[in-house]
Amino acid sequence: MKAVPKASPLVYLLVAAAIGLIVAMYHAPIWWVSLTAPNYPEEAFPDGVRINFHMNGVFNGCAKVESDEIQEDEALDCVHEMDTINHYVGMYPIAAGGVIERAFSPFLVGMLVVMLVGFATPIPKARMALMGAGFIALGGWLGLTWYAEDGLRYQSAGYLEAMVSALDQDAGGGSGNEPSAAQALIKRMKAELEKSGVVIEESKAEAQAPKSAKAQSLEHLRVTYEKDANRTDRSEWRGSGSQLLSWHYEKSLGRYFKNPEEIGPMVKTMTGFAHVVFWGLLAAMALLVWGARRNGGLLYWLLVLAPLALPVFFLVDYSAWLWWYGHSLNDMGAFSVKPFMPTVFGQGKVAQFATHSYPSIGFGLMMGSSLLLAVAALLRRKEWKGLTHPQ
């Protein structure tokens, strides 16, 4: 007779709390980096030239400075500022790193959530049903986003915003509800005409609700792509994730350095690897559902061990990309420096710049989820101890 596995309510609670932390982590900065130097005084740059790394992109870490001496209408874009500094020594823009990780980040997080639901479910048939349904939905979302026409509609809004920002464009159209320069001009013209007794009828376009930030990002990307297509032999805009990744990566690499003979092979390699990752994720989902048919064994414990090790995966990936930045210097840089390893954690120095690299709140959430999952795994192991075939 098969033994019935125990199921402690505490395991469910721990896993549910860990899932909540992982979801919160996705929307929070994971790590931050800043540069300080004498030509960036603390009064104007209280945190230096700072950027925040999220799962789905790199975002501005500089806040608007308001003081008696300095008044800014909007915060300095320190992502672009850091790119400008780095390119002098031949470093590629920040958007050239973590290309695949950022594009697939919402699906990877979704995959971790499904895996944890499977781990918490002690009955194999129920586990297979839940994981199968979850992975089918996730795979459909992934396929639509990656290959379907206008698939970017299903992509993370933060990812699209970061992609637009990397192209020197404002994804949000200004802060808050402030109008653009064109909108302000039209408003003044309407006011002057109305003073003269001219009746202005609102057009259908004006009557419509303003576009969301995500819709504006998609429009910026499409327009920029089509401008490039007019100068090259690119295919028409399809709005798929795979098309955006390939084009945006090439554009990022060539932002400061115009040497296509070096950039071309890099784009081809990254694009090909991205397709491999797409099919690899689908294969991994199928393998995990197959492994869910029984309790115990490597594939079952992998459901909790992979999410538990997320901080380690992040640090390894982050360090690898920093190594790539410091060892893939373009010869077209204004200054020639030897390959180097940027600071992963703590403070360092490059030329006259002091570098600072530290974890942010998202990494704390990540560590918290790992701690909860470690306790849940130990409790589950204790529950099933002595059950040779816990079915």
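The values are calculated or read from the model by the stated rules, or taken from the named source; none is laboratory data. Since this is a predicted model, take the numbers as computed values, not measurements. Virtual Cβ from ideal backbone geometry, glycine too; neighbours counted across all protein chains shown.
A few comments on the model shown:
- Test for Glu81: is it at pLDDT below 90 and surrounded by 15 or more Cβ atoms within 10 Å (Cβ to Cβ): yes
- Pair list, Cβ under 8 Å, 6 or more apart: the stretch 128-157 residue at positive phi and polar (S, T, N, Q), other residue surrounded by fewer than 18 Cβ atoms within 10 Å (Cβ to Cβ) and assigned to a helix (DSSP H, G or I): none
- Within the stretch 272-296, the set of residues being surrounded by fewer than 18 Cβ atoms within 10 Å (Cβ to Cβ), at pLDDT 90 or above and small (Gly, Ala, Ser) comprises Gly272, Gly280, Ala283, Ala284, Ala286.
- Residue match in the stretch 226-236 (condition: surrounded by 11 or more Cβ atoms within 10 Å (Cβ to Cβ), at pLDDT below 90 and in contact with a Lys or Arg (Cβ under 8 Å, 6 or more places away or on another chain)): yes
- Residue identified as over 22 Å from Glu250 (Cβ atoms) and at pLDDT 90 or above among Gly98, Gly61, Gly57, Gly20: Gly20
- Meets criteria (surrounded by 21 or more Cβ atoms within 10 Å (Cβ to Cβ) and at pLDDT 85 or above) for Pro122: no
- The residues in the stretch 17-61 that are closer than 30 Å to Arg381 by Cα and either touching a residue at least 60 places away in the same chain (Cβ under 8 Å) or buried (at least 21 other Cβ atoms within 10 Å of the Cβ) (or both) can be counted, and the count is 9.
- First in the stretch 363-382 and touching a residue at least 12 places away in the same chain (Cβ under 8 Å) and farther than 13 Å from Leu305 by Cβ, second anywhere and among the small types (Gly, Ala, Ser) and not in a helix (DSSP H, G or I), Cβ under 6 Å, 6 or more apart: Leu379/Ser8
- Among residues of the stretch 238-249 that are in contact (Cβ under 8 Å) with a residue 60 or more places away in the chain and closer than 12 Å to Ile100 by Cα, those with a Cβ under 8 angstrom from a residue that is part of a loop (DSSP other than H, G, I, E, B) and polar (S, T, N, Q), sequence gap 6+ or separate chain, pair up as Gly241/Gln155.
- With respect to the conditions (1) loosely packed, with under 14 Cβ neighbours inside 10 Å; (2) in contact (Cβ under 8 Å) with a residue 24 or more places away in the chain; (3) of a type in the set (Val, Ile, Thr), Val344 falls short on a single one, namely (1).
- Some residue of the stretch 259-271 being surrounded by 14 or more Cβ atoms within 10 Å (Cβ to Cβ), outside any helix (DSSP H, G or I) and at pLDDT below 90: no
- In the stretch 353-362, the condition of being without any contact (Cβ under 8 Å) to a residue 40 or more places away in the chain and either surrounded by fewer than 17 Cβ atoms within 10 Å (Cβ to Cβ) or within 22 Å of Leu112 (Cβ to Cβ) (or both) is met by no residue.
- Qualifying residue in the stretch 246-255 (condition: within 28 Å of Val109 (Cβ to Cβ), of a type in the set (A, V, I, L, M) and at pLDDT below 95): yes
- The residues in the stretch 152-165 that are buried (at least 18 other Cβ atoms within 10 Å of the Cβ) and either at pLDDT 95 or above or closer than 21 Å to Val23 by Cα (or both) can be counted, and the count is 8.
- Residue check, Tyr256 surrounded by 20 or more Cβ atoms within 10 Å (Cβ to Cβ) and either on the phi < 0 side of the Ramachandran plot or without any contact (Cβ under 8 Å) to a residue 24 or more places away in the chain (or both): no
- Meets criteria (over 30 Å from Gly20 (Cβ atoms) and of a type in the set (A, V, I, L, M, F, W, C)) for Ala44: yes
- The stretch 363-378: number of residues that are crowded, with 18+ Cβ neighbours inside 10 Å and closer than 21 Å to Leu299 by Cα: 6
- Criterion (without any contact (Cβ under 8 Å) to a residue 40 or more places away in the chain, over 20 Å from Trp141 (Cα atoms) and not acidic (Asp, Glu)) met by exactly one of Gly296, Gly291: Gly291
- Selection within the stretch 298-337 - within 30 Å of Leu287 (Cα to Cα) and not hydrophobic (A, V, I, L, M, F, W, C): Tyr300, Pro307, Pro311, Asp317, Tyr318, Ser319
- Within the stretch 301-319, residues that are crowded, with 20+ Cβ neighbours inside 10 Å have Cβ atoms under 9 Å from residues that are basic (Lys, Arg) in these pairs: Leu303/Arg127; Val304/Arg380, counting only partners at least 6 apart in sequence or on another chain.
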